[in-house]
1. Under 8 Å by Cβ, and 6 or more places apart or on different chains, what pairs join a residue from the stretch 182-204 that is over 23 Å from V86 (Cα atoms) with one that is more than 9 Å from the ligand (Cβ to nearest atom)?
2. Take G28 and decide whether it is in contact with a Gly (Cβ under 9 Å, 6 or more places away or on another chain), surrounded by fewer than 22 Cβ atoms within 10 Å (Cβ to Cβ), touching a residue at least 12 places away in the same chain (Cβ under 8 Å) and under 16 Å from A219 (Cα atoms).
3. Quick check on the stretch 170-190. Is at least one of its residues within 12 Å of the ligand (Cβ to nearest atom), among the small types (G, A, S) and more than 16 Å from the chain's Cα centre (by Cα)?
4. Restricting to the stretch 20-48, give me the number of residues that are of a type in the set (K, R) and either closer than 21 Å to G182 by Cβ or more than 16 Å from the ligand (Cβ to nearest atom) (or both).
5. Consider the stretch 191-222. How many of its residues are of a type in the set (S, T, Y) and either within 8 Å of the ligand (Cβ to nearest atom) or within 21 Å of the chain's Cα centre (by Cα) (or both)?
6. Condition test on T164, is it within 11 Å of the ligand (Cβ to nearest atom) and either closer than 23 Å to S63 by Cβ or surrounded by fewer than 21 Cβ atoms within 10 Å (Cβ to Cβ) (or both)?
7. Identify the residue in the stretch 101-128 that is within 13 Å of the ligand (Cβ to nearest atom) and among the small types (G, A, S) and, among all such residues, is nearest to A230 (Cα to Cα).
8. For the structure I just gave you, tell me whether V98 is closer than 26 Å to A155 by Cα, more than 13 Å from the ligand (Cβ to nearest atom) and touching a residue at least 60 places away in the same chain (Cβ under 8 Å).
Amino acid sequence: MLKDKTAIITGAGSGIGEAIALLFARNGARVVLADLHERDAERVAARIITEGGHALPLGVDVSRPDDCEGLVRRTLRDFGRLDVAVNNAGIGGAAAPVGEYPVEEWDKVMGVNLRGVFLCMRHQLPAMHAHGGSIINMASILGKVGFPLSAAYVAAKHGVVGLTENAALEYATSGIRVNAVGPGFIRTPLLDKNLSPAQLEGIAAMHPMKRLGTAEEVAELVLWLASDKASFVTGAYFPVDGGYLAQ
Ligand code: NAP
């Protein structure tokens, strides 16, 4: 589905980003794996190369403007073009009510989860302008509804949905589609780092399907949005959430 296309995936060293990178490569894409932890990106890239694919691992902090510029510059230098970008890197942040939310944590979550998406798109959009492309921004069900004790994460993900709509409007006639994906709770290291097994069980029960999702289930939706099969789809938000938002 992505034969001869070049794709950037941020946060590709773990969880959902890793599953997207593997699925993209198996569908013919050359993938640039950007992650804060270069070694994790290298591990995923090595797996792709072993399977016969093309992968470039890079250490990138999406909250830093120079890193985002360098990510796109290196992609163009090594692969000659950019067709697809998945802005997926994200963090959870502190658990606290708004009245007690630590200011530094607010800035950190906003810096990665919202500013990071803006900084990446700021360089990806011009790189795609001449020939078109597809950008998929990783939001969350928490880009549509609140979740107690998660103010910064919820605000940042709502921001990602709005930013996605704006970019889609601005670039609709340039052949660049921009969409957002909203996973329910997905079993990845992000959840395992922040929640106990008992909490995970409680969260699974909040989904009508009574389970957590998998990174591979999110990756399938992202692959479709990245491909030309989604040629009339832009400015949209797609939940992949076991029915969570239908309640
Ligand atoms: P994950 O397993 O923690 O993977 C995310 C990767 O991105 C990690 O390697 C992480 O490093 C890295 N990263 C963090 N900050 C970064 C930065 N500034 N620059 C570059 N890379 C950075 O998380 P995941 O569950 O796959 O989540 C991926 C995306 O899906 C996030 O945007 C998340 O908000 C979203 N999402 C997840 C869920 C869920 O339930 N898992 C649900 C809805 C939406 P560290 O390990 O150091 O943080």
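Rule-based calculations on the coordinates, nothing more; no lab input. Bear in mind that the values here come from a model prediction, so they are computed numbers and not experimental data. Backbone-built Cβ (ideal geometry, glycine too); neighbour counts: all protein chains shown.
1. These pairs meet every condition: N194/A95; I203/L195; A204/K210; A204/R211.
2. Considered against the rule, which asks whether it is in contact with a Gly (Cβ under 9 Å, 6 or more places away or on another chain), surrounded by fewer than 22 Cβ atoms within 10 Å (Cβ to Cβ), touching a residue at least 12 places away in the same chain (Cβ under 8 Å) and under 16 Å from A219 (Cα atoms), G28 comes out as yes.
3. No: the stretch 170-190 contains no residue that is within 12 Å of the ligand (Cβ to nearest atom), among the small types (G, A, S) and more than 16 Å from the chain's Cα centre (by Cα).
4. At the first step, the residues of the stretch 20-48 found to be of a type in the set (K, R) are 26, 30, 39, 43, 47.
From what is left, the residues that are either closer than 21 Å to G182 by Cβ or more than 16 Å from the ligand (Cβ to nearest atom) (or both) are 26, 30.
Total satisfying the criteria: 2.
5. If we filter the stretch 191-222 for residues that are of a type in the set (S, T, Y), which is where we start, we get 196, 214.
If we keep only those that are either within 8 Å of the ligand (Cβ to nearest atom) or within 21 Å of the chain's Cα centre (by Cα) (or both) as well, we get 214.
Final tally of qualifying residues: 1.
6. Details: within 11 Å of the ligand (Cβ to nearest atom): no; either closer than 23 Å to S63 by Cβ or surrounded by fewer than 21 Cβ atoms within 10 Å (Cβ to Cβ) (or both): yes.
So T164 fails the test.
7. Across the stretch 101-128, the extreme among qualifying residues is G116.
8. Details: closer than 26 Å to A155 by Cα: yes; more than 13 Å from the ligand (Cβ to nearest atom): yes; touching a residue at least 60 places away in the same chain (Cβ under 8 Å): no.
Answer is no for this residue.
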